[in-house]
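Taking it in order: structure first as structure tokens, then the write-up.
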Amino acid sequence: MVTIDHDAVLRARVLLLGSGRPGQAELVGAYRVLAGVSPKAYAAKLVDALLALRYDSRDPQAGLALAAEASRAARGVEAGTPGRTQRLCRALDAHQDSLFALGRRAEGRAVCEELAAAGRTGPLVRVLAEEGRFGEAAARDEEAARGGTPGHSSCTKVRWAANLEGDAQHDAAAAVFRGLLEETRHEAARHEAAGRRTALASLTWQLVHFSRMREAAGDRDGAAAARREALGVLEELATAGEPENESCVLEPWRTLFVLSGRAAEPAAGPENPMPPFGAQHGWSRDVLDGFLGMLPALEAEAAPLRQAGRLSELADVQRRIAVRAAVREGTRTYLFQERFAPYFDEGVTLARRLPDDPARLARALTDRSMFLVAARSFEPAHADLAEAVALQPVPRRRATACPGPQVGGGGGLHRGGQTHV
């Protein structure tokens, strides 16, 4: 038998009905009392109030306690209540975020599994990838794609392909990424027909990343075809540019540049979680902090390499530093080119001092080219990519025709034959 404190209930009702504006903590207290008496009317409001109070909290332990209470309250909201699933997902998302911020990964993973059961698979996919369980993560992504999960957009396809590649399923990863390329080509063609030159930057980044994927899989023909198409798209941009009023979208560049650095990092595992490369948002806070926390050690490693003239090793360390800089502030538009140019200029300078290593120079030039596309400096971007393509071996054959829009080298988007990449 539940004992009701009628005085507490009265005080809670008076607080809510009063003319003053109660503080967030006072609202939580009132809704706690009233949810115990009338859960159908107040449980959902308690969830909202707890999450709002957690948002304002600066104490990780207090934030965890509020998120855990919000999760319990959300589970208790009566089935069929409007917005119940959304509230449950919001509460569970806050709960897992607080757990990972405190390094409590096993508990956080359990909450992510509950989130997936409620229909939100993204956090669980992230955790699986962080722990090197790429096959399981990719299976979840495939399930979401086949089920038509809302929001299974281009960014989640990048993540899906990255997880397949992490599991060494290179052909499957290529198939997913080809689908993304087709979508971006069609979007670019639609915009071109409407007199707008948008989506070309994203297409360039995607093609260059696809070339890296195919190179890693040993498909040199496919890699070369993707590079040639990317060069054609970039020639379009260098010739005519994009409208000046188009917004600068840096997230796709950052995601693919950071993903390109995965092979240089320690292998991920349950005891050594690493970032979910390929995911744009929502990295676990303990993983993010740990990844950025490697910066001082990398900078310390670079100094003796520079003094000893060990340039190839220095170039690799400097690239890992640049990747972390992109993670930390790669979507901040303010002085973007001025802040990031030194990282990429140094990479090219170091690689030019290694005449017997054209592959490293091609990588550095490609990195700088894609950065310059993000900075909307298309002519120097084209020059860098053209030099990078010239440094890489040209396959002896072939072009396979298949229908669909493609960017031609300087000729604009057109219908017709397309190099199959």
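Bear in mind that the values in this text are calculations on the coordinates, not laboratory data. Quick caveat, the model's predicted, so the values are computed rather than measured. For neighbour counting, all protein chains shown are included, and Cβ atoms are generated from backbone atoms with ideal geometry for every residue, glycine included.
May I ask for the Kirkwood hydrodynamic radius of segment 200-414, worked out over all distinct Cα pairs and given in angstroms to one decimal? Can you show the working numbers first?
Values: mean 1/r = 0.0550 Å⁻¹.
Result for segment 200-414, one decimal place: 18.2 Å.
Ranked by Cβ crowding within 10 angstrom, fewest neighbours first, how are D5, D171 ordered?
Details: D5 12, D171 9.
Sorted ascending by nearby Cβ count, the order is D171, D5.
Extent of the chain along each principal axis, from alpha carbon coordinates, in Å, largest to smallest?
Extents along the principal axes: 84, 54, 40 Å.
Just to check I understand the Karplus step: with θ = phi - 60° and J = 6.51 cos²θ - 1.76 cosθ + 1.60, what whole-Hz values come out for segment 251-262, glycine and proline as x?
The phi angles translate into 4, x, 4, 4, 4, 6, 5, 5, 4, 5, x, 4 Hz.
With a cap of 10 neighbouring Cβ atoms within 10 Å, and only residues DSSP puts in a loop, list the chymotrypsin sites (Phe, Trp or Tyr not before Pro) found in segment 334-366. Write out the running numbers ahead of the final one.
On the way: sites: Y334, F336, F340, Y343, F344; in loops: Y334.
Filter output for segment 334-366: Y334.
Cα centroids of segment 1-69 and segment 96-172: how far apart, whole angstrom?
33 Å
Applying the Karplus parametrisation 6.51 cos²θ - 1.76 cosθ + 1.60 with θ = phi - 60° to the phi angles of segment 342-348, what ³J(HN,Hα) value in whole Hz is obtained for each residue in order, glycine and proline being reported as x?
Running phi through 6.51 cos²θ - 1.76 cosθ + 1.60 with θ = phi - 60° gives x, 4, 7, 5, 5, x, 5 Hz.
Would you mind telling me which residue in G29, G108, G309 has the biggest mean-square fluctuation in a Gaussian network model of the chain, where springs connect alpha carbons within a distance under 10 angstrom?
Sorting by GNM fluctuation, first place goes to G309.
Note the full-extension length gain between L354 and A145 as 0.36 nm times their separation in residues minus their Cα-Cα distance, in nm to one decimal. Don't jump to the answer; show the numbers that get you there.
On the way: separation 209, 0.36 × 209 = 75.24 nm, distance 4.44 nm.
Separation in residues times 0.36 nm, less the Cα-Cα distance, equals 70.8 nm.
First select every other residue whose beta carbon is under 10 angstrom from the beta carbon of A138; then total the charges, Lys and Arg +1, Asp and Glu -1. Spell out each step's value before the answer.
Details: positive: R133, R140, R159; negative: E136, D141, E142, E143, E165, D167.
Around A138, the charge tally is -3.
Please build a GNM for the chain, connecting alpha carbons under 10 Å apart, and tell me which residue among R227, R310, R159 fluctuates the most.
R310
Restricting to Cα pairs below 8 Å that are 6+ residues apart, what does the relative contact order work out to for the chain? Please round to a whole percent.
13 percent.
Can you run phi through the Karplus equation (6.51, -1.76, 1.60; θ = phi - 60°) for segment 48-56 and list ³J(HN,Hα) in whole Hz, with x for Gly and Pro?
For segment 48-56, the Karplus-derived couplings read 4, 5, 5, 5, 5, 5, 4, 4, 7 Hz, x marking Gly and Pro.
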